[in-house]
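Here's the structure we're looking at; comments come further down.
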Amino acid sequence: MTLSVWRHPRPIGVAGRCIGRSDVPVDARKAKRLAHRIRQAARRENAPHVVLTSALQRGAAVGRWLARWGWQHRIDLRLTELDFGDWDGRPWDDIGAAAVQAWCDGFEQHAPGGGESVAQLLLRCRAWLEAPGACYAVGHAGWISAALWLTAGPRSAPGAATWPAARRWGERVDLPAR
């Protein structure tokens, strides 16, 4: 079974800001558009009408559209974006290059803004991949990068330079089931 995760639509008002667990809204039309794409994929693939999202509205809005059309929408907190602690919601310029460099230097274990480390994100992501509960999900950029890291196979510890790039808004990523 393939697990398909779509990155949520572009949120409103986040340009230049560090966004992790900030609950920022998305345009309802963009959420509906992504829900249509997921629904079309399910029809083509004869997949169950179940979608998992985090509780954050930029993903959950897509799930609510699908629920209006008869789908099961389940919230799964393991799908939540990286917790950036007190960086969350702040402009990157206010966080500063030195703080970002400290995170890059200790990428796996450093908790940016006192939030969650990449190692913690990887543990949460691995738990989801081992028992997803559905074949479709709407996720966040950091979470999807963690899933790509984990499914790529054994390698050295993750580093800022080797971490998978963020996927585009609304992009589908297919992950092999474990």
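The values are calculated or read from the model by the stated rules, or taken from the named source; none is laboratory data. Computed from a prediction, not measured in an experiment: that's the story for all the values here. Surface areas here come from the heavy atoms of the whole protein model, side chains and all, with no ligands, DNA or RNA. Shrake-Rupley method; radii C 1.70, N 1.55, O 1.52, S 1.80 Å.
What to note about this one:
- The angle separating the long axis of helix 57-68 from the principal Cα axis of greatest extent in the chain is about 10 degrees.
- Spatial separation of Cα centroids for region 27-77 and region 92-137, in angstrom: 25
- For the chain, averaging the sequence separation of C-alpha pairs within contact (under 8 Å, six or more residues apart) and dividing by the residue count gives a relative contact order of 33 percent.
- Segment N46..W92, full-extension length gain: 12.3 nm, with 0.36 nm per residue of separation and the alpha-carbon distance subtracted.
- Rolling a 1.4 Å probe over the heavy atoms of the protein chains gives region 72-149 an accessible area of 41 Å² per residue.
- The chain: C-alpha gyration tensor shape, a/c 1.5 cut-off, then a/b vs b/c: oblate
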